[in-house]
Amino acid sequence: MNPLSSSSGPTSRWSSKLLPLVAGIAAFCVYSCMYAFRKPFSAASYEGMSWLGIDYKIWLVIAQVLGYALSKLWGIRMVPELQPSRRASAILWLIGLSWLALLGFALAPPVPGIVFLFLNGLPLGMVWGLVFGYIEGRQATELMGAILASSFIFASGVVKGVGKAMLLAGVSDHWMPFLTGLVFVPPLLLSLRVLTRIPPPSAEDIAARAPRGRMNREARRQFMHRFLPGLLLIVPLYVLLTVLRDFRENFDTEIFRDLGFGRSALVFGEVDTPIGIGVLMLTASLSLVRDNMRAFMLNHALIAGGLCCAALSTLLFAHHQLPPLTWMTLVGFGLYLGYIPLNGMFFERMMATYRVAGTVSFVMYLADASGYLGSVAVLLVRQFLALQLNWTQFFERAVLISSLLGLVLIALAARWFWWHGRQNGHAPAPLSPLKMESSRL
């Protein structure tokens, strides 16, 4: 019998209260373990290596991100149409193929190794949508989604910390990613087993958030026709945030080295842990807001607040008013506060507000594919325009420009979605005194 099932009695009531926490932690662990097969290579600098006059690590990042972006394009169709019963096996196959590619990267000469990094990224882009499918369409999806999405922050620091420790212990740059993945195989299997035992959304969940399920081609076409103006504002914003977040993750080793912390394996966790806790608390708190339109608008506000934090902290750092680690913490907090809601919670409330039957993964993959292609484009621009900026200076300029543009886009998006809601009878319900008190919590 499933210990998390919804049978009657005190035990089941206690289980139902624990369900969001158990589901969120299981999803967090699965996706964190996926990071061990994607990000450990970025802990190495591959000093002195180049090909065709281009830094070897840039080749690796471009190859993996390009594979990841193509995976997102495939996921637009594959993930929304996949039977829920096949999610777990699909996750294992995708991660297993990526690990096999890391073995190829360890054994191959440097130049063919670039191809293996492309093959490593190719399966992994679909894992997020498969994991999110287990937790979407529930009254506590923000809480579970916030726990899951915080894996972006915590897992990145932990995985790169493990990779850096291996490098300092004498493991080669090319074997380190494969061996880091090996460390995370047992927790991956355990957490995926727990995740597959999560019961489907209840009748109360469906009433509150709209039914969820597969989306065929016609359903996807209708969705795009209805929401295209809003998506034309949100997707470019997501591209900006993805580029900044991905750049920070791939090259924070070089940024920390510029800032004087190149020999520390703990600096990743020291910076990313408070970021993860802060972002988790803010995004999870949206689950307390029952009115879908109000929560949807608050998602816009969180994103705008994150962009302001990133821009202001960077301005202060540029004028020598912030120490380096404080800046890296605040700019990371701001970027993730903008990025995390757009990885499920924003679109979850969007579908609940407008009563769209389907799956969040479709619109997420539309945005994701664009975001990672944009990440590749920025790396190519930086390389081939021969910008005379070090990693830290380039990151500073990119944050300032993207934050200002992002604030314009999120303001216009909030205006359009509010207008669309009013036109279709989805304005927020007036707050009673009790609801007002609850929304302040």
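The values are calculated or read from the model by the stated rules, or taken from the named source; none is laboratory data. The shown structure was predicted, so the numbers you read here are calculated from the model rather than taken from an experiment. Cβ: placed from backbone, ideal geometry, glycine included. Neighbour counts: every protein chain shown.
Within the range 107-134, the set of residues being touching a residue at least 24 places away in the same chain (Cβ under 8 Å) and among the aromatic types (Phe, Trp, Tyr) comprises 118, 128, 132, 134.
When residue 158 is tested against the conditions (1) at pLDDT below 85; (2) β-branched (Val, Ile, Thr); (3) crowded, with 23+ Cβ neighbours inside 10 Å, the lone failure is (3). Would you mind stating whether residue 35 is under 30 Å from residue 223 (Cα atoms), part of a helix (DSSP H, G or I), at pLDDT 85 or above and among the aromatic types (Phe, Trp, Tyr)? Judged against the criteria, residue 35 is not a match. The residues of the range 122-133 that are surrounded by 24 or more Cβ atoms within 10 Å (Cβ to Cβ) and over 15 Å from the mean Cα position of the chain (by Cα) amount to a single one, 123. Of 304, 357, 352, all but one fail to be in contact (Cβ under 8 Å) with a residue 60 or more places away in the chain and buried (at least 21 other Cβ atoms within 10 Å of the Cβ); the exception is 352. Of 171, 159, all but one fail to be assigned to a loop (DSSP other than H, G, I, E, B) and of a type in the set (A, V, I, L, M); the exception is 171. Find all pairs meeting these conditions: Cβ atoms under 6 angstrom apart; at least six residues apart or on different chains; first residue within the range 67-88 and at pLDDT below 80 and crowded, with 19+ Cβ neighbours inside 10 Å; second residue among the β-branched types (Val, Ile, Thr) and outside any helix (DSSP H, G or I). Listed by first residue and then by second, the contacts come to 80/359. Scanning the range 28-54 for residues that are surrounded by fewer than 19 Cβ atoms within 10 Å (Cβ to Cβ) and either in contact with an Asp or Glu (Cβ under 6 Å, 6 or more places away or on another chain) or touching a residue at least 40 places away in the same chain (Cβ under 8 Å) (or both) returns 45, 46, 49, 51, 54.
Counting only residues that are surrounded by fewer than 21 Cβ atoms within 10 Å (Cβ to Cβ) and at pLDDT below 70, which one in the range 262-277 is nearest to residue 157 (Cα to Cα)? Taking the candidates together, the pick is 269. The number of residues in the range 91-113 that are crowded, with 18+ Cβ neighbours inside 10 Å and hydrophobic (A, V, I, L, M, F, W, C) comes to 7. Where in the range 253-366 are there helices (runs of 4 or more DSSP H), lying wholly inside it, with at least 1 residues that are out of contact with any Cys (no Cβ under 9 Å at 6 or more places or on another chain), of a type outside the set (A, V, I, L, M, F, W, C) and within 30 Å of residue 168 (Cα to Cα)? The helices (runs of 4 or more DSSP H) meeting that bar are 267-284, 324-339. Take the conditions (1) of a type in the set (S, T, N, Q); (2) in a helix (DSSP H, G or I); (3) under 28 Å from residue 303 (Cα atoms); residue 139 misses just one of them, which is (2).
When the range 377-408 is filtered for residues that are surrounded by fewer than 22 Cβ atoms within 10 Å (Cβ to Cβ), aliphatic (A, V, I, L, M) and modelled with pLDDT of 75 or more, the ones remaining, listed by number, are 377, 398, 400, 401, 404, 405, 407, 408. Filtered by the rule that a residue be at pLDDT below 90 and assigned to a helix (DSSP H, G or I), the range 112-129 gives 128, 129. The combined condition, being over 17 Å from residue 227 (Cα atoms), at pLDDT below 85 and of a type outside the set (S, T, N, Q), is not fulfilled by residue 344.
Here residue 153 does not fit the description of being out of contact with any Gly (no Cβ under 7 Å at 6 or more places or on another chain) and part of a helix (DSSP H, G or I).
Take the residues in the range 175-204 that are more than 24 Å from residue 245 (Cα to Cα) and assigned to a loop (DSSP other than H, G, I, E, B), then tell me which one is modelled with the highest pLDDT. The residue in question is 175.
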